[in-house]
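As structure tokens, the structure follows; a few thoughts come after it.
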Amino acid sequence: MTRLSNDPARFAEQALDGFAAAHPGLVRRVSGGVVRAAAPAPGRVAVVVGGGSGHYPAFAGLVGDGLAHGAAVGNVFASPSARQVRSVARAASGGGGILLAYGNYAGDVLNFTAARVHLEAEGVDCRAVAVTDDLASAPAEQADRRRGIAGGLVVFKVAAAAADRGLDLDEVERIARLANARTRSFGVALTGCTLPGAAAPLFAVPGGRMAVGLGIHGEPGIDERDRPSADGLAELLVDTVLAELPAGIDAPAGQRAAVLLNGLGSVKYEELFVVYRRVAELLAAAGVQVVAPAVGELVTSFEMAGVSLTVCWLTDELVPLWCAPADAPGFRRGLSATAAAPPAPVLAEEAEEPVPPASPASRAAGRRLLGALVAARDAVDAHADELGRIDALAGDGDHGIGMSRGVNAAVSAAVAAVAAGAGVGTALTRAGDAWADAGGGTSGALWGVALRGAAVALGDDREPTAARVTGAVSRALADVTRVGGAAVGDKTLVDAFAPFAATLADRVQAGQPVAAAWREAAAVADVAARATADLVPRVGRARPLAHRSVGAPDAGAVSLALILAAVADAATAPTREEETAR
């Protein structure tokens, strides 16, 4: 919802004032909208776009060099009036004629048509193109009734580039119509959107569902279905857009296309990139040559969580116009945009080093390690939400997610290493590297350091005796404290790790078997982890908000204690070989 406003009735006007003030070198405010900051080029065609507010960067954000010469902007989700369109068109005009371009909505058609009639009565050569790219809004045989959504950006871009090259109005209009005829879009909404001052969204989507065939004015879509994964959504979008090809194109293979993956307001860029990754794969598999793709918020609908895919099937004429430089507040393209995208790079996995030789005893220990790591994974996954809740008290709440990613990656890496005949040292090294890579953040780095330290102490050529196991734990603790810079009392995992290592060494030295000693030491670590609730953080991310974490234990210490206890249980469980022997 829109949280920052004054009078909802003046929201659009005030937003436009602020937009112009924020971009004085690119646009200037005029009655009804904005135009390019520079004076119109004499004798050139002016491309004037427009529509309601609430869609930024459409429409005002698309004014600038290489894009629209002006934008008429109406109230929220409402067409600009004919007077506003006329005012902007006059301010943008260089005397070479005006092309009006807008989405095919009843209010826009009515007001832009009225403005065109009035301008023509004044002797201005004026044409109009209504964008009709939305596949969901009408069948192919009624394409002239379709709505305009994100595909309008392609139409505006190529028309403006043609105008800036000095083409006359007939040619600019023809190019705009050509681009429109070859553009197809389809989108989905995961939530509705709320107008400034309104108490509820225009429509709601049930949890786990999505509205299919969205509009950009809060329309609820033409259908509803279960929400898929990011890859599943990419497949739906691509399949739908490729199912209807423009006249003259029999198959997508070998065709060049401008591709836009558009976020409607609340789907963030990283999510869009996850979806586009699969979109690009599917288009490549279909033989489509993607030209200068655009991924981001291009035509929005306030805070609607939605995504749309646009494909414009380019001709030799349209390619350079789509790739031409542009400098508008909401869309920039530099000279580096290429007429044809280079082949997608093949990202080869880093070559895995061969597994070094290992003694039979060390390989056997590597197999036992797998059981310990699996037990750690299960414990972390079972408590990930709680670990995140604890972390959120003075951090960003990602500890559970990060630990889960890290330990799952460690298991996979260790499984592969052991299958290749690795000893316990190599298996631990690869598990630690995988944990650090996948877990990320401080915890990922420290667990990677800990497992690598233990690996160095154990090696691949010796039996991991009780003394070597305690030595490996001590080495891991020393490396963690050296790299992390924390000490006992700082409210970190060291507060649980240090008493664990000390207790383990003491019990082993007293003659206890490793498994029994580990279990006792894990219990000590659990008590120490709980006791961190009384501590004030002195290092790390929690330090600036130290007071918020008092009364709650440190998430890193808790997760360490969970893992140590799970490993103790795994150590007393029979191995697969022992089960078979029974």
Which ones in the stretch 207-221 are over 16 Å from G54 (Cα atoms), surrounded by fewer than 21 Cβ atoms within 10 Å (Cβ to Cβ) and free of Cβ contacts under 8 Å to residues at least 24 places away in the same chain?
G207, G208, R209
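Across the stretch 389-415, what is the number of residues that are in contact (Cβ under 8 Å) with a residue 60 or more places away in the chain and part of a helix (DSSP H, G or I)? I'd like the intermediate steps shown before the answer.
Just the residues of the stretch 389-415 that are in contact (Cβ under 8 Å) with a residue 60 or more places away in the chain, to begin with: 390-391, 393-396, 399-400, 403, 407.
Next, from what is left, pick out any that are part of a helix (DSSP H, G or I): 390-391, 399-400, 403, 407.
The qualifying residues number 6.
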Residues (surrounded by fewer than 20 Cβ atoms within 10 Å (Cβ to Cβ) and outside any helix (DSSP H, G or I)) located in the stretch 268-289
K268, A286, G287, Q289
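Going through V483, V527 one at a time, which residue ends up being at negative phi and modelled with pLDDT of 95 or more?
Working: V483 fails: modelled with pLDDT of 95 or more.
Sole residue among the options that is at negative phi and modelled with pLDDT of 95 or more: V527.
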The helices (runs of 4 or more DSSP H) lying entirely within the stretch 438-525 that contain at least 2 residues which are within 21 Å of L373 (Cα to Cα) and of a type in the set (S, T, N, Q) are 441-458, 466-484
Restricting attention to the stretch 126-151, which residues are part of a loop (DSSP other than H, G, I, E, B) and crowded, with 17+ Cβ neighbours inside 10 Å?
T132, D133, R146, R147, G148, I149, A150, G151
Residue by residue through the stretch 495-515, note down the ones that are closer than 17 Å to A472 by Cα and of a type in the set (A, V, I, L, M, F, W, C).
A496, F497, A498, F500, A501, A502, L504, A505, V508, V514, A515
Consider G107 against the criteria (1) within 26 Å of G213 (Cα to Cα); (2) touching a helix residue (DSSP H, G or I) at 6+ places or on another chain (Cβ under 6 Å): it satisfies all of them except one. Which criterion is unmet?
(2)
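For every residue, the table says whether it meets (1) crowded, with 18+ Cβ neighbours inside 10 Å; (2) in a loop (DSSP other than H, G, I, E, B); (3) in the same structural domain as R36 (by TED's automatic domain parsing).
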site	(1), (2), (3)
E120	no, no, yes
V124	no, yes, yes
A159	yes, no, yes
V172	yes, no, yes
L178	yes, no, yes
T191	yes, yes, yes
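What tally of residues in the stretch 412-427 results from selecting those that are on the phi < 0 side of the Ramachandran plot and surrounded by fewer than 19 Cβ atoms within 10 Å (Cβ to Cβ)? Spell out how you get there, then give the answer.
Of all residues in the stretch 412-427, those on the phi < 0 side of the Ramachandran plot come to 412-420, 422-427.
Of the ones still in play, those that are also surrounded by fewer than 19 Cβ atoms within 10 Å (Cβ to Cβ) are 412, 415-416, 419-420.
Within the stretch 412-427, residues that are on the phi < 0 side of the Ramachandran plot and surrounded by fewer than 19 Cβ atoms within 10 Å (Cβ to Cβ) number 5.
Rundown of residues vs (1) touching a Cys at 6+ places or on another chain (Cβ under 7 Å); (2) hydrophobic (A, V, I, L, M, F, W, C); (3) under 25 Å from L535 (Cβ atoms), yes/no style:
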position	(1), (2), (3)
A365	no, yes, no
D381	no, no, no
R389	no, no, yes
A392	no, yes, yes
S412	no, no, no
A427	no, yes, no
R430	no, no, no
D437	no, no, no
Yes/no for A204 being free of Cβ contacts under 8 Å to residues at least 60 places away in the same chain, within 31 Å of the chain's Cα centre (by Cα) and in the same structural domain as P57 (by TED's automatic domain parsing):
yes
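The values are calculated or read from the model by the stated rules, or taken from the named source; none is laboratory data. Model, not experiment: these values are computed from the prediction. Virtual Cβ from ideal backbone geometry, glycine too; neighbours counted across all protein chains shown.
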